[in-house]
Structures are given as C-alpha cells and as structure tokens.
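Colleague: Take this structure, written in structure tokens, and hold onto it; I'll ask about it next.
The values are calculated or read from the model by the stated rules, or taken from the named source; none is laboratory data. As the structure is a computational prediction, the values presented were derived from the model and not from experiment. Cβ: placed from backbone, ideal geometry, glycine included. Neighbour counts: every protein chain shown.
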Amino acid sequence: MPIGGQPFGTSSSPSGSSVDAITNLHGDVVADGPGDVAATIQPLAVTSGKLAANAVTDVKVAATAQIAHSKLADVATSGGAVLGAASPGDVVEVPHGVVARSIGAAADAAAARAVLGIGDMASFANDAIAEANSVCGFSVSPRVLVMDMNNKPGTLSSPWLTAGATGTGAISRVATGADVGARELTTGATAGGAMQLYAIEGADYCTPLISELIGTKWFVAFDFKVTTTVDANTQLAVGWNSLGLASGKPVLGVYGPSSTTKFRLHLMQSSTGANSTIDIDGNWHRCRMWSDGTAGTVYARVDGESAFSLTGLSAMGIVGPFFHTYHPTSSGAQSVRNRMCVYIVEGQI
C-alpha cells in the first residue's frame, strides 16, 4: 500500500532521515517501522478469501435444512400451487396479497367458516356482484353493502343497526355444529312473536340506501336455512324496509299463508307474489332478488332455478335492508338461520 504516494520500501522522508514509526492509523491495515514499512492485515479485516470461505451455498443451506434462493425457482408461484402444497393449518400468501389458510380436503364446513369468517364472505359477495352485473345491467358502478352476522345485530359494530324483538322473538349465535357462527332468528312460541333486523330506522341510515325502488336497479343476495316446521302462519324473509310504508315491501323467503312448501317472492301485507320451484327444507339455500329498472317488476331466484317475478311494486320512498321473522299464533316458534346478506344498488342517497 503506498504511504505518502511512495511505493513500499521507499523512504518518504528527506535524504539522510528515516521513518521511525507511523502512528494513529486505524482500520483493517496497520503499518509499523522503523525501517521499510510493512503492512499488517488486522485479524478481523474482511478479505475476499474470508468471504469465499463463508459464502452461502446450496450445499451448506441444505445441511441446515433451510431453503436456498436457487431452490425457489423450482416452486410454482401460482395461488393454486401454493395452496395445494400447503398443509392444513399453514398460512400462505397467494398473488395479489390475498392471505388464505389451507384447510385440507377433508375439512368440514364448520372448519372453513372458522378460518374464513362466517361463511366465505368474499366469495359470496363476489358471486353476488357478478350475477348482479349480469341481470341488472348497471350503467354506473354500484355500491355494495355486505350485511354480515359476524357481530351481534343491534350493536354499533354490526351493519344491522337495529334488532327489534316482539314477544319472545330473539336472535342468537349458533355455537356448535356445521352452522357454527351463523345467527338464528326466532319468533318464539308466543302469539305475535317477531324478530326483525333493520339497517334503517328513524333518522339513522345505513348506506347504500335507495331513495325509491321504482325504476332503480338493485340486487339482494342472502343465504337462508329454515330450522323449524313451516305452517300456514309462518313469515321468514329478507328484503327492503320502508320508513313510512307498512305494506307492499318486497321480500323473499317463506310466507306460509301462500305456501308452506315453496319459497316465495311477495309484497308484505298483500296477496301479490310468486312461488319459487324450490322446496322449503332444512338445508342452506342461496336466494337472490333484484330489479333491472323495469318499473313495478321484481325478479327472484332460489339456488339454480330459472328467474321468476312479480309485478305491482308501488312507490316506497326511502328504503333500507330488512330481515323479517313473524308468527301471529302461539303454535310454536319459527326459526331461520343466516350468515350474510349482500345489497347492491345503482341509485342511492
């Protein structure tokens, strides 16, 4: 190493003088004297030889059971490949930042809901949006409201702003079995028992709301499971509630006065409606109700059946999401389970 611009072994002092010592040098290289200057590499200096000796290689990584970077090239990075290779209980990251957990082929519905939330809300909502775009033909991007049952309805953390019970009407969370996490609404066994959920009441609004159903494009999707025997007075349904209108609200579900065996689309407190082809039973069903903007017409579909419709919807003014259970007699409680409802609207306040 040059000292003062001179090669090693050459005095850097005037003729007749000598360099006795070089002091105050720090770092990896230190020179000392007297005599010709010699460079000493400190023990902790980083050299290319030492780097080579400590290089990270596939062989060394394999010996420590770690994953070498070169091995990553052999692993497919698609979401399907990552999830397929994961063991149950693993948390993996798939493209677009989506974090999912591998459940395993033999996992039951309860385990899936425990991992993904109450029902697979993302898939349910995405399916609803795709179908809504297809049947409604939105001309502008719609607003989407997922009315889930994760938090107890009637609390500030729930999109269901109000939970109104009449008589022995009640709502509870299913704690065990395949339906764990769902909410069960029941009328109770007393005459006039009811349990109703609202996202709109008085001056409290939960968006998206529609200022008028007539002529507006909207779509409602929900899952539904009846857990009691339906009779001629049973009313269990999901739809729209109006601030100032007692009758004529469009709902889809069970309406015993018209049918105890088929799901029904109808206007509340009226005889206007149409029956589904799907039987009422103790299984989960996916229900959809919508308007494509045709004034006075409402369409519906349960599971994979063809769409059916009713006509005669009247002006309702401001409306919001609504879940309705009611039984006028004391012949027995009527109950239904739900995990989520998705409301999609083109026009809102």
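Colleague: I'd like the full set of residues that are small (Gly, Ala, Ser) and within 26 Å of the chain's Cα centre (by Cα), limited to segment 320-334. First the steps, then the outcome.
Modeller: First pass over segment 320-334, keeping only residues small (Gly, Ala, Ser): 320, 330-333.
Selection gives Gly320 alone.
Colleague: If you don't mind, there's one more thing I want to ask. Give me the pairs: first residue in segment 131-147 and assigned to a strand (DSSP E or B) and of a type in the set (Phe, Trp, Tyr), second residue surrounded by 14 or more Cβ atoms within 10 Å (Cβ to Cβ) and at pLDDT below 90, beta-carbon distance under 7 Å, and six or more apart or on different chains, which are they?
Modeller: none
Colleague: In segment 268-285, which residues are at pLDDT 95 or above and surrounded by 15 or more Cβ atoms within 10 Å (Cβ to Cβ)?
Modeller: Gly273, Ala274, Asn275, Ser276, Ile278, Ile280, Trp284, His285
Colleague: Please work out if Val146 is within 21 Å of the chain's Cα centre (by Cα), within 19 Å of Phe219 (Cβ to Cβ) and among the aliphatic types (A, V, I, L, M). I'd like the intermediate steps shown before the answer.
Modeller: Numbers: within 21 Å of the chain's Cα centre (by Cα): yes; within 19 Å of Phe219 (Cβ to Cβ): yes; among the aliphatic types (A, V, I, L, M): yes.
Criteria met by Val146.
Colleague: Inspect segment 224-241 for any residue being part of a loop (DSSP other than H, G, I, E, B), in the same structural domain as Cys341 (by TED's automatic domain parsing), closer than 15 Å to Gly320 by Cβ and out of contact with any strand residue (DSSP E or B) (no Cβ under 7 Å at 6 or more places or on another chain) and give the result as yes or no.
Modeller: Pass one, segment 224-241, residues part of a loop (DSSP other than H, G, I, E, B): 227-234.
Filter once more, keeping what is in the same structural domain as Cys341 (by TED's automatic domain parsing): 227-234.
Subset that is closer than 15 Å to Gly320 by Cβ: none.
Looking through segment 224-241, none of the residues is part of a loop (DSSP other than H, G, I, E, B), in the same structural domain as Cys341 (by TED's automatic domain parsing), closer than 15 Å to Gly320 by Cβ and out of contact with any strand residue (DSSP E or B) (no Cβ under 7 Å at 6 or more places or on another chain).
Colleague: Then there's this: Which one is nearest to Gly177 (Cα to Cα), of the residues in segment 286-309 that are crowded, with 20+ Cβ neighbours inside 10 Å and of a type in the set (A, V, I, L, M)?
Modeller: By that ranking, first place goes to Val302.
Colleague: Okay, moving on. Return the residues of segment 151-175 that are of a type outside the set (S, T, N, Q), in a loop (DSSP other than H, G, I, E, B) and closer than 27 Å to Pro328 by Cβ; say none if nothing qualifies. Can you show your working first?
Modeller: The initial filter retains those residues of segment 151-175 that are of a type outside the set (S, T, N, Q), namely 152-154, 156, 159-161, 163-165, 167, 169-171, 173-175.
Right, trim to in a loop (DSSP other than H, G, I, E, B) and you get 152-154, 156, 159-161, 167, 169, 174-175.
Those that are of a type outside the set (S, T, N, Q), in a loop (DSSP other than H, G, I, E, B) and closer than 27 Å to Pro328 by Cβ: Lys152, Pro153, Gly154, Trp160, Leu161, Gly167, Gly169, Val174.
Colleague: Something else about it: Scanning segment 130-162 for residues that are among the β-branched types (Val, Ile, Thr) and under 15 Å from Asp292 (Cβ atoms), which turns out modelled with the lowest pLDDT?
Modeller: To start, the set of residues in segment 130-162 that are among the β-branched types (Val, Ile, Thr) comprises 135, 140, 144, 146, 155, 162.
Of the ones still in play, those that are also under 15 Å from Asp292 (Cβ atoms) are 135, 140.
On the way: Val135: 96, Val140: 87.
Top of the filtered list is Val140.
Colleague: Do you know which of the residues in segment 148-167 that are β-branched (Val, Ile, Thr) and touching a strand residue (DSSP E or B) at 6+ places or on another chain (Cβ under 7 Å) is nearest to Ala128 (Cα to Cα)?
Modeller: We begin by selecting, within segment 148-167, every residue β-branched (Val, Ile, Thr); these are 155, 162, 166.
Checking the rest, the ones that are also touching a strand residue (DSSP E or B) at 6+ places or on another chain (Cβ under 7 Å) come to 162, 166.
Numbers: Thr162: 24, Thr166: 32 Å.
Taking the candidates together, the pick is Thr162.
Colleague: Moving on. Considering every residue within segment 161-175, establish whether at least one is closer than 27 Å to Gly304 by Cβ and either aliphatic (A, V, I, L, M) or in contact with a helix residue (DSSP H, G or I) (Cβ under 9 Å, 6 or more places away or on another chain) (or both). Explain how you work it out, then say what you get.
Modeller: Of all residues in segment 161-175, those closer than 27 Å to Gly304 by Cβ come to 174.
Subset that is either aliphatic (A, V, I, L, M) or in contact with a helix residue (DSSP H, G or I) (Cβ under 9 Å, 6 or more places away or on another chain) (or both): 174.
Yes; the residues of segment 161-175 include at least one that is closer than 27 Å to Gly304 by Cβ and either aliphatic (A, V, I, L, M) or in contact with a helix residue (DSSP H, G or I) (Cβ under 9 Å, 6 or more places away or on another chain) (or both).
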